[in-house]
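*Asks:* The structure under discussion is supplied below as structure tokens; questions concerning it will follow.
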Amino acid sequence: MAFVTRQFIRSLSSSAALHAAIKHVTIIGGGLMGAGIAQVAASTGHSVVLVDTSEDILKKSAKGIESSLKRVAKKKFAEKPEDGEAFIQKILKNISTSTDAASVVQGTDLVVEAIVENLKVKQDLFGALDKAAPEHTIFASNTSSLPIADIASSTARLDRFGGLHFFNPVPMMKLVEVIKAPGTSQQTFDSLLEFSKALGKHPVSCKDTPGFIVNRLLVPYMLEAVRLHERGHGSKEDIDVAMKLGAGYPMGPFELLDYVGLDTSKFIIDGWHEKDPDNPLFAPSPLLNKLVAEGKLGKKTGEGFYKHK
Ligand SMILES: CCCCCCC[C@H](O)CC(=O)SCCNC(=O)CCNC(=O)[C@H](O)C(C)(C)COP(=O)([O-])OP(=O)([O-])OC[C@H]1O[C@@H](n2cnc3c(N)ncnc32)[C@H](O)[C@@H]1OP(=O)([O-])[O-]
Ligand SMILES: NC(=O)c1ccc[n+]([C@@H]2O[C@H](COP(=O)([O-])OP(=O)(O)OC[C@H]3O[C@@H](n4cnc5c(N)ncnc54)[C@H](O)[C@@H]3O)[C@@H](O)[C@H]2O)c1
């Protein structure tokens, strides 16, 4: 009995220690999502290392974070703009950058991966980080569409591996899907839930099923909009206006595809089509494929379905 009690107390205190431990976060990938996650984590008092493959990309990420913080500060300090700059600088101080993931994970409690939507590339990254990171470090992927268990299989820490799926733009979107893969321990899952709340987000619990909740519903809808247009049944402008004014969506499907990135959208669709080739919901779109082949990836390259300034 005394043993059970001691065990119980020890497990409670180690669980509390683990929760308290998520202070130092490494974000891998400084693109649309990684930069947003870094911004939110830094804004909520976490120390953040943002990693990407080159200094040039990291400079672009830092610039993006700063301009997003300026938008936040403009609203938050509308009455006292002089306090806005101090607010921005305080948050930026919490972020450092690196091109060497293996060296920076040595001091981290949580790794959040937000790199390209490709299973092999994510597995290679996590396989290497698994050897470099301390025992207690939790790994999480921000994948939109890949099974967390498949990504985690490249590591020996299945119990400390889960999904943290954020939404774009991260500073504005309140939801985080927290994904429990079959190997994810309850303690890890609880830590990820708690971390999401510490970021000021609203977490929902998801199973490790294709697209979790949001994308399982959103991807077929967005693809059907493109097919409707490909069939000549509506202009992209009319479809966008229709869904905004008729269904109350903040963006139409073509605006949202450009916002998300057409390359990422194509990675998601191709992956699901390969796994389930007879499912008409995931059939590839010739128009989307053409735009990606032309390097028109949406807002991030200045042109996708639409031209962007
Ligand atoms: C085919 C397969 C595809 C599937 C893809 C799945 C992808 C993925 O896995 C899941 C997703 O993320 S799915 C995608 C999920 N995402 C969605 O579905 C998004 C749908 N869209 C929306 O919710 C809204 O349109 C927005 C919130 C983006 C903008 O709000 P708006 O009212 O339409 O227009 P506004 O005038 O521009 O902005 C107003 C104010 O908001 C603030 N602010 C905005 N951005 C900011 C930033 N980055 N930083 C800081 N602040 C930012 C700012 O204060 C700004 O005022 P300012 O004076 O201009 O500074
Ligand atoms: N775009 C969205 O709306 C959205 C929303 C939710 C989740 N996601 C998911 O988040 C992930 C990232 O998407 P994104 O839109 O930010 O992509 P992005 O193309 O904007 O950024 C990806 C970044 O990762 C970097 N990168 C690639 N391989 C790397 C490596 N091995 N090490 C370090 N950095 C590397 C790239 O240089 C790039 O800067 C994907 O898995 C995507 O499915 C995207």
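The values are calculated or read from the model by the stated rules, or taken from the named source; none is laboratory data. Quick caveat, the model's predicted, so the values are computed rather than measured. Counting neighbours? That spans all protein chains shown, and the Cβs are built from the backbone with ideal geometry, glycine included. To get the accessible areas, we keep the full protein, side chains included, count just its heavy atoms, and leave off ligands, DNA and RNA. Shrake-Rupley method; radii C 1.70, N 1.55, O 1.52, S 1.80 Å.
*Asks:* Need the failing condition index for Leu223 against (1) within 16 Å of ligand 1 (Cβ to nearest atom); (2) open to solvent by 20 Å² or more (accessible area, probe 1.4 Å), just the number.
*Replies:* In the conditions (1) within 16 Å of ligand 1 (Cβ to nearest atom); (2) open to solvent by 20 Å² or more (accessible area, probe 1.4 Å), Leu223 misses (2) alone.
*Asks:* If you don't mind, there's one more thing I want to ask. How about the stretch 267-299: which of its residues are closer than 16 Å to Glu224 by Cβ, open to solvent by 30 Å² or more (accessible area, probe 1.4 Å) and touching a Pro at 6+ places or on another chain (Cβ under 7 Å)?
*Replies:* Selection gives His273, Leu281.
*Asks:* Applying the selection to the stretch 206-239, what residues are under 30 Å from Ser196 (Cα atoms) and either in contact with a His (Cβ under 8 Å, 6 or more places away or on another chain) or not aliphatic (A, V, I, L, M) (or both)?
*Replies:* Pass one, the stretch 206-239, residues under 30 Å from Ser196 (Cα atoms): 206-223.
Result: Cys206, Lys207, Asp208, Thr209, Pro210, Gly211, Phe212, Val214, Asn215, Arg216, Pro220, Tyr221.
Residue-by-condition table, conditions (1) more than 10 Å from ligand 1 (Cβ to nearest atom); (2) touching a residue at least 12 places away in the same chain (Cβ under 8 Å); (3) in contact with a helix residue (DSSP H, G or I) (Cβ under 8 Å, 6 or more places away or on another chain):
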site	(1), (2), (3)
Ile239	yes, yes, yes
Lys244	no, no, no
Pro250	no, no, yes
Pro253	no, yes, yes
Lys266	no, yes, yes
Ile269	no, yes, yes
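*Asks:* Among the residues of the stretch 108-140, count how many are crowded, with 21+ Cβ neighbours inside 10 Å and not in a strand (DSSP E or B).
*Replies:* Adding up the residues that qualify gives 11.
*Asks:* Taking the options Gly200, Gly234, name whichever one is more than 30 Å from Gly127 (Cβ to Cβ), part of a loop (DSSP other than H, G, I, E, B), more than 11 Å from ligand 1 (Cβ to nearest atom) and touching a residue at least 60 places away in the same chain (Cβ under 8 Å).
*Replies:* Just a single option satisfies the conditions, and that option is Gly200.
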